[in-house]
1. Counting only other residues whose beta carbon sits under 14 Å from that of HIS37, what net charge do I get with K and R as +1, D and E as -1?
2. Among VAL64, VAL51, what is the fewest-to-most ranking by other Cβ atoms within 10 Å?
3. Would you list, by chain and number, the aspartates and glutamates whose Cα falls below 14 Å from the Cα of LYS34, excluding same-chain residues fewer than 8 positions away?
4. What is the order of GLU55, GLU68, fewest Cβ neighbours within 10 Å to most?
Amino acid sequence: MPLASIFSKPIDIMNIEDIQSICKKLPSVTQDIKWGHDLAFSVGGKIFCVVALDESPISASFKVSDEEFDEITSLPGFKPAPYVENINGS
């Protein structure tokens, strides 16, 4: 299933409950608070999504494969994290 297909509405109008619902659809997902203020979703101890609980509007970072990167960043409300742009030499 393409990762983009799990997003029923643009990320920029989602709330915490929407993101929790999406992340918890994946098998074996756990969630906990990291760094005192971020909600992290993991599988097997590996974080794949971090939501900044202290930001408005809501902000979330997703770990995606190189193959999914262009697809995801083309969706409304999605953009690469600043550090990813630096890694890619942009």
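Derivation of every value follows stated rules applied to the coordinates shown; laboratory data play no part. Quantities reported herein were computed from a predicted structural model and do not represent experimental measurements. Reconstructed Cβ throughout: ideal geometry from the backbone, glycine too, with neighbour counts over all protein chains shown.
1. Details: positive: LYS34; negative: ASP32, ASP38, ASP54, GLU55.
It works out to a net charge of -3.
2. Numbers: VAL64 18, VAL51 21.
Fewest-to-most Cβ neighbours within 10 Å comes out as VAL64, VAL51.
3. ASP54
4. Values: GLU55 11, GLU68 14.
Ordered from fewest to most neighbouring Cβ atoms within 10 Å, GLU55, GLU68 come out as GLU55, GLU68.
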